[in-house]
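Peer 1: Dropping a structure here in structure tokens format, bear with me for questions.
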Amino acid sequence: LYQWLGLTPPAFAHMPLLRNPDRSKISKRKNPAARLTWFQEEGYLPEALVNFLALLAYPPAQDDEGKDIEVFGLAEFAARFDWSKVIPVGPIFDLAKLDWLNGVYIRSLSVPELADRLRPFLVADGLDMSDQARLEGFTELIQPRLVHLTDAADQLCPFYTASADLVVDDDARASLNEDTPAVLTAAIAALEELPDWEKTEIETALRAA
């Protein structure tokens, strides 16, 4: 077509085909990961996905100790890119590695930025996001454990559900006994009597757990 139009064709390059863990070719029809919007729907961050794709067919940079640097931005990757270093063998599309990278990027975000990224998913699940300060407070609590942005709704739903509407699983009820109400009441009373510095230490320990 370029020649027919009398134009100088650009230099073309073909990246290696991505493969499933069983080394079969990824099917555009059968594999949801072949659809770009699937990653957005599953709560992956764009920067994590770009980082992951860059690792699939290109050797990572190394630090002073010779260890692979697997977390990097697009600008860093572009600055050292060289076509001659592209790995020709079809790489394995390992979603477990992408999950790890996504968690790393989630934990690198500031709390307000992560809260803003979570908001569309939480609103889609019917949660009231009108109180930004409240959302950021809960975001800080769940940030260390998030892998996908879509995980937040299940973790935050109890905090946005009226007590009368809260559904307790039968398995959870089965683990309770007749002493549970008294134990919880005593625990609340004991915590309320603690000085502020002790409450802060307990809160910090719970977040770290």
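The values are calculated or read from the model by the stated rules, or taken from the named source; none is laboratory data. From a predicted model like this one, the values you see are computed outputs, not experimental measurements. Cβ: placed from backbone, ideal geometry, glycine included. Neighbour counts: every protein chain shown.
Peer 1: Taking the stretch 147-162 only, how many residues are outside any helix (DSSP H, G or I) and among the hydroxyl-bearing types (Ser, Thr, Tyr)?
Peer 2: Final tally of qualifying residues: 1.
Peer 1: Return the total of residues in the stretch 1-26 being among the basic types (Lys, Arg) and assigned to a loop (DSSP other than H, G, I, E, B).
Peer 2: Number of matching residues: 1.
Peer 1: Okay, next question. Filter the stretch 27-45 for residues that are of a type in the set (Gly, Ala, Ser) and either exposed (fewer than 10 other Cβ atoms within 10 Å of the Cβ) or outside any helix (DSSP H, G or I) (or both) and give the result.
Peer 2: Of the residues in the stretch 27-45, the ones of a type in the set (Gly, Ala, Ser) are 27, 33-34, 43.
Selection gives SER27, GLY43.
Peer 1: Here's something else I'd like to know. For residues that are of a type in the set (D, E, K, R) and closer than 14 Å to LEU118 by Cα, tally how many sit in the stretch 146-188. It would help to see each step written out before you state the result.
Peer 2: Taking the stretch 146-188 first, the residues of a type in the set (D, E, K, R) are 151, 154, 165, 169-171, 173, 178-179.
Subsequent filtering for residues that are closer than 14 Å to LEU118 by Cα retains 151, 154.
Count: 2.
Peer 1: Which ones in the stretch 31-62 are over 22 Å from ARG117 (Cα atoms) and at pLDDT below 80?
Peer 2: Result: ASN31, PRO32, ALA34.
Peer 1: Six or more apart or on different chains, Cβ atoms under 6 Å: show the pairs whose first residue is in the stretch 4-30 and at pLDDT 80 or above and whose second is of a type in the set (Ser, Thr, Tyr) and assigned to a loop (DSSP other than H, G, I, E, B).
Peer 2: So the pair list comes out as PRO9/TYR2.
Peer 1: What do you reckon, is ALA124 under 21 Å from GLN155 (Cα atoms), free of Cβ contacts under 8 Å to residues at least 40 places away in the same chain and over 16 Å from the mean Cα position of the chain (by Cα)? Steps first, please.
Peer 2: On the way: under 21 Å from GLN155 (Cα atoms): yes; free of Cβ contacts under 8 Å to residues at least 40 places away in the same chain: yes; over 16 Å from the mean Cα position of the chain (by Cα): yes.
Judged against the criteria, ALA124 is a match.
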